[in-house]
Amino acid sequence: MWHLYQFALCPFSRKVRLLMGEKGVGYELVREYPWERRDEFLDLNPAGQVPVLVNADSGITLIHSDAISEYLEETVDQAPMISGTAVNRAEIRRLVAWFDEQFYFQVVGPLLHERMEKRLVSRTTPDAGVLRMAMRNANQLLDYMDWLLDHRNWLAGASLTLADLAGAAHISVADYLGGIDWRSHEQTRRWYSGLKSRPSFRPLLSERMEVIPPPPHYDKVDF
Ligand SMILES: N[C@@H](CCC(=O)N[C@@H](CS)C(=O)NCC(=O)O)C(=O)O
């Protein structure tokens, strides 16, 4: 049995959970707050980051969402998510990196810092300027997603891929933290609504981070 060390609002863990859901791979969650720096967790990953995927029966420990995703893609045939020609696969990986780097550093990271870490760890108040900047960044990055979805059925091409799962993972965390203004992003809103209705997404939408409630529209497929 797989155990995934993660916490509810980690977008990298959400990406892995969506992939495991699509592929039908069973797992149990282990709630891990990396800022607690638990000795047992640091023994698994001395770098102290989630997600970490462990199969104690087979003695496998996988660290980092990209390494875990590639491992699952190589070992589970069902629902291929990095497939097609070499060019197709390069485009999927480019977009996964775009979400994990650009979207994370410009939007999700600052929102998590201001709205989650300051509340749970340092117990200070969020900086309104940083929050406004993250929302402005989100607006610009969603413009690019709208453009992609004007030209393609899914973000990386004709079918659902890891790029969509990565995008939905980051957007779901930003949306939970109130960082997305959906009003002028109809293409991305429609795409995200379709992803929200997939069985792989349902467990994520019903989960809550302690003391941080999401906005009312967060778990609605029509929002
Ligand atoms: N690039 C890594 C990023 C992982 C990451 O940043 N995880 C965050 C939580 S979302 C974390 O564990 N932060 C704690 C730390 O960096 O000390 C991946 O894709 O797995």
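Among the residues making up the range 11-52, those that are within 27 Å of LYS118 (Cα to Cα) and either modelled with pLDDT under 95 or touching a strand residue (DSSP E or B) at 6+ places or on another chain (Cβ under 6 Å) (or both) are SER13, LEU29, VAL30, GLU32, LEU44, ASN45, VAL50, PRO51, VAL52. Listed by first and then second residue, the pairs linking a residue in the range 126-141 that is more than 14 Å from HIS170 (Cβ to Cβ) and without any contact (Cβ under 8 Å) to a residue 12 or more places away in the chain to a residue that is assigned to a helix (DSSP H, G or I) and not aromatic (Phe, Trp, Tyr), with Cβ atoms under 8 Å apart and 6 or more places separating them unless they lie on different chains, form an empty list.
Looking across the range 1-11 at every residue that is in a loop (DSSP other than H, G, I, E, B) and within 23 Å of PRO110 (Cβ to Cβ), the one that is farthest from the ligand (Cβ to nearest atom) is identified as ALA8.
The values are calculated or read from the model by the stated rules, or taken from the named source; none is laboratory data. These numbers come from a predicted model, not from an experiment. FYI the Cβ positions are ideal-geometry reconstructions off the backbone, even for glycines, and counts take in every protein chain you see.
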